[in-house]
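The values are calculated or read from the model by the stated rules, or taken from the named source; none is laboratory data. Small disclaimer: the values here were computed from a predicted structure and weren't measured. Reconstructed Cβ throughout: ideal geometry from the backbone, glycine too, with neighbour counts over all protein chains shown. In case anyone asks, the SASA skips ligands and DNA or RNA and just uses the protein heavy atoms, side chains included. Shrake-Rupley method; radii C 1.70, N 1.55, O 1.52, S 1.80 Å.
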Amino acid sequence: MAILTQFIIKTIAFFDFVSFYEDLVEEEGDVMLAGGAMVASRKLYYELGGWNDLKVAERRDLKRRALATGKLRFCDVLLHEENAGKEKDFVGSIQRFYHVARMKLKSGVGVEYLIWKWMTETSTLKPKIGALLVFPAAWVTNKLQGTRTLDSFDRHDIYAFDFQQSLQREVPEIWLDPDEQLEEYA
């Protein structure tokens with residue numbers, strides 16, 4: 001019974017988010033809404049170029065394209081308690097860190113820059129040690145497997161790392177306050 005109740009609550013939360021999105025589209029026109037979920041019309045999705053199969057960060061890629069066209073809005077709400085893609089155990093965390101590192105390298109981020117960024121911008125020791133061990137291993141794996149680099153990374157791009165936090169700082173006008181319907185998820 002608890003699982004069914006939890007499913008119903010999450011479904012209601014998602015429908016509340018979609019309702020907020022529909023009101024936003026009525027007010028502003030065709031936009032993408034991100035935050036607790038990511039919602040866009042099929043028309044806008046295709047105008048933005050659709051989904052790029054990057055294996056990781058596809059949503060961020062799509063949001064970046066929406067941002068570039070002025071079509072991105074955020075409403076910071078929590079529609080679910082956990083991200084199913086983020087493992088909680090040590091081994092799972094290292095595997096995910098390795099996989100994400102391989103995809104960042106695939107996008108054109110240099111291994112030296114990736115290590116430097118983590119060493120200078122993370123505050124705790126664990127991610128720094130992870131960066132020194134995992135990033136070089138990911139780079140070697142990509143080289144040995146002949147992984148094609150997409151060269152889509154620009155180190156001067158202020159949104160290259162910590163996309164959502166950078167947006168909140170640099171483009172606060174796209175951040176929306178939750179309405180009454182979404183306040184309980186804020």
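Given a Förster distance of 45 angstrom, what is the FRET efficiency for D76 paired with Y113, based on the Cβ-Cβ distance and rounded to 0.05? It comes to 0.95.
Multiplying the residue separation of D30 and W51 by 0.36 nm and removing their Cα-Cα distance gives an extension gain of 5.8 nm. For W175, nonlocal amide neighbours, meaning residues 5 or more places apart or on other chains whose placed amide H falls under 5 Å from its own, are F74.
Applying 1/(1 + (r/R0)^6) with R0 = 35 Å to the Cβ-Cβ distance of I12 and E121, what FRET efficiency is obtained, to the nearest 0.05? The partial results should precede the final answer.
Values: r = 38 Å, r/R0 = 1.08.
Plugging the Cβ-Cβ distance into 1/(1 + (r/R0)^6) gives 0.40.
Applying 1/(1 + (r/R0)^6) with R0 = 30 Å to the Cβ-Cβ distance of Q168 and K128 gives a FRET efficiency near 0.75. Any idea of V100's accessible area? Nearest 10 Å², probe 1.4 Å. Accessible area, nearest 10 Å²: 40 Å².
Largest first, how would D16, D23 line up by accessible area (1.4 Å probe)? Show your work: numbers first, answer last.
Numbers: D16 25, D23 80 Å².
So, going from the largest accessible area down, we get D23, D16.
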